[in-house]
Amino acid sequence: MSEMDAKRAAIADRLVALERLDPQDHAALEKHVEAAVDGFDPGMHEPSDPERAELHRLLRDYRALRELRADRNNVRLAEKGEVFAPEDDA
């Protein structure tokens, strides 16, 4: 299991506990995880509630790993000469 997979699983576990979700309903749980990751504001202050603070840290770490992976992919493409300007995407 990659570090990203482990963080994502930890986020799912935390959401199950906080929001009383059914851990067996994988589709609903995945929707909640995706919404939490996409809706996370890195500039937001860490909550004072320890349970929510842990979720905040997990989301922050997961987003950082995701951005790092995207940066690595961009470097790899640049090394191959496969980087295009955003204007070329039209």
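The values are calculated or read from the model by the stated rules, or taken from the named source; none is laboratory data. From a predicted model like this one, the values you see are computed outputs, not experimental measurements. Here the Cβ is made from the backbone with ideal geometry for all residues, glycine too, and neighbour counts use every protein chain on show. Ligands, DNA and RNA are stripped out before the accessible areas are found, and what is left, the full protein with its side chains, is counted by its heavy atoms. Shrake-Rupley method; radii C 1.70, N 1.55, O 1.52, S 1.80 Å.
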If you scan region 23-43, which residues turn out to be of a type in the set (Asp, Glu) and over 14 Å from Asp61 (Cα atoms)?
Asp25, Glu30, Glu34
May I ask you to list the residues in region 1-39 that are among the charged types (D, E, K, R), part of a helix (DSSP H, G or I) and open to solvent by 70 Å² or more (accessible area, probe 1.4 Å)?
Glu3, Asp5, Asp13, Glu19, Glu30, Lys31, Asp38
Selection from region 27-66 of residues in contact (Cβ under 8 Å) with a residue 40 or more places away in the chain, more than 17 Å from Val16 (Cβ to Cβ) and charged (D, E, K, R) yields Asp61, Arg66
Select from region 40-61 the residues that are more than 14 Å from Leu15 (Cα to Cα) and not in a loop (DSSP other than H, G, I, E, B) and write down the one among them that is most open to solvent (accessible area, probe 1.4 Å).
Arg60
Counted residues in region 62-71 being open to solvent by less than 40 Å² (accessible area, probe 1.4 Å) and modelled with pLDDT under 90 come to 1
